[in-house]
Amino acid sequence: MTSVEFLKVCARRWYVVLLGLVATAAVAVLAAGPNAVFFARTTVNILEPDRGKVRIVGFHSPDSIAVAHILAARVNSGVHTPLAANPDVSLYAMGITQGTHAQVRNVGGQWLSQVTEPVVDVQVVDPDRSAVEKNMDAEVARIKAELVSLEKELKVPAGENVELSLNPERPAIEMVVTQNRRAQLAYGLAGLGLTFAATYWFDRLMRARGARRQPATNAPHPATNREENHA
């Protein structure tokens with residue numbers, strides 16, 4: 001069937017197409033409609049040990065940045081973490097409505113790794129407000145535990161320990177209303193496919209029924225009595 005023939009079928013069975021489009025739109029709106037999620041974010045700063053020197057604001061040694069990389073890698077061990085083009089992009093903006101994300105602040109975008117600060121950004125999003133608070137505390141505690149474990153492995157002497165600082169110390173939990181655009185697109189494409197398939201098969205069914213009901217005009221007529229007598 002060519003595209004022109006299919007368009008003719010859709011025009012002939014327009015009511016089936018209309019019904020399918022209405023049903024598709026309704027399902028997409030209900031399934032991917034606005035959902036309320038709760039979100040919190042904090043930044044874990046890696047502070048170098050104070051050796052009696054004056055700390056220069058904005059200066060960070062490669063060692064502290066390496067520690068941030070190691071902590072993020074250990075915390076995320078075996079867990080996929082999405083990488084956004086902008087480090088300030090939130091999880092819900094990427095279509096994630098439930099999850100915990102810890103990652104070094106990469107200002108190089110999706111294709112280039114460029115970390116200029118020894119910080120680990122922590123984000124938590126969940127439909128349950130209490131789960132956000134619980135998961136945030138658990139993630140920060142996990143980072144602290146990994147730091148202690150790392151320093152033990154490296155046998156860091158007393159007084160040379162790295163410190164962690166949270167900003168903010170107690171992150172605010174905000175409610176965000178989101179719409180899952182990916183789900184909407186998926187339902188829309190599936191609905192269009194089902195609508196066109198239903199239109200095609202419905203048209204074939206109706207035409208087949210019409211052909212069976214049509215009298216066989218080409219069939220030979222039985223001979224009448226007059227024709228038989230004449231013979």
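The values are calculated or read from the model by the stated rules, or taken from the named source; none is laboratory data. Predicted model only: the values in this text are computed from it and were never measured. Don't worry about glycine lacking a Cβ; one is built from the backbone with ideal geometry, like all the others, and counts go over all protein chains shown.
Output the residues belonging to the range 191-204 that are within 33 Å of the chain's Cα centre (by Cα) and either outside the structural domain of C10 (by TED's automatic domain parsing) or free of Cβ contacts under 8 Å to residues at least 12 places away in the same chain (or both). Scanning the range 191-204 gives G193, A197.
Please count how many residues of the range 209-231 are surrounded by fewer than 10 Cβ atoms within 10 Å (Cβ to Cβ) and either assigned to a helix (DSSP H, G or I) or modelled with pLDDT of 75 or more (or both).
Kept after step one, since they are surrounded by fewer than 10 Cβ atoms within 10 Å (Cβ to Cβ), are these residues of the range 209-231: 210-222, 224-226, 228-231.
Next, only the ones that are either assigned to a helix (DSSP H, G or I) or modelled with pLDDT of 75 or more (or both) stay: 210-213, 225-226, 228-230.
Adding up the residues that qualify gives 9.
Exactly one residue among V16, V27, V9 is within 14 Å of A197 (Cα to Cα), at pLDDT below 85 and either outside the structural domain of Q98 (by TED's automatic domain parsing) or in a helix (DSSP H, G or I) (or both), and that residue is V9.
For the range 130-149, does any single residue satisfy the condition of being in contact with a strand residue (DSSP E or B) (Cβ under 7 Å, 6 or more places away or on another chain), surrounded by 11 or more Cβ atoms within 10 Å (Cβ to Cβ), in a loop (DSSP other than H, G, I, E, B) and at pLDDT 90 or above? No, the range 130-149 contains no residue that is in contact with a strand residue (DSSP E or B) (Cβ under 7 Å, 6 or more places away or on another chain), surrounded by 11 or more Cβ atoms within 10 Å (Cβ to Cβ), in a loop (DSSP other than H, G, I, E, B) and at pLDDT 90 or above.
Based on what the data block shows, is V37 among the aliphatic types (A, V, I, L, M), buried (at least 18 other Cβ atoms within 10 Å of the Cβ) and modelled with pLDDT of 80 or more?
Numbers: among the aliphatic types (A, V, I, L, M): yes; buried (at least 18 other Cβ atoms within 10 Å of the Cβ): yes; modelled with pLDDT of 80 or more: yes.
Yes, satisfied.
Can you name every residue in the range 157-190 that is of a type in the set (D, E, K, R), under 29 Å from the mean Cα position of the chain (by Cα) and outside any loop (DSSP other than H, G, I, E, B)? E174, R181, R182 - these are the residues of the range 157-190 that are of a type in the set (D, E, K, R), under 29 Å from the mean Cα position of the chain (by Cα) and outside any loop (DSSP other than H, G, I, E, B). Would you be able to say whether some residue in the range 161-179 is exposed (fewer than 12 other Cβ atoms within 10 Å of the Cβ), under 20 Å from T81 (Cβ atoms) and touching a residue at least 12 places away in the same chain (Cβ under 8 Å)? Looking through the range 161-179, none of the residues is exposed (fewer than 12 other Cβ atoms within 10 Å of the Cβ), under 20 Å from T81 (Cβ atoms) and touching a residue at least 12 places away in the same chain (Cβ under 8 Å).
When V115, V122, V107, V79 are checked against the criterion of being at pLDDT 85 or above and within 29 Å of V148 (Cα to Cα), a single residue qualifies: V122.
So which of A198, A183 is of a type in the set (G, A, S) and modelled with pLDDT under 80? Let's see the steps before the verdict.
Working: A198 fails: modelled with pLDDT under 80.
None of the other options fit; the residue is A183.
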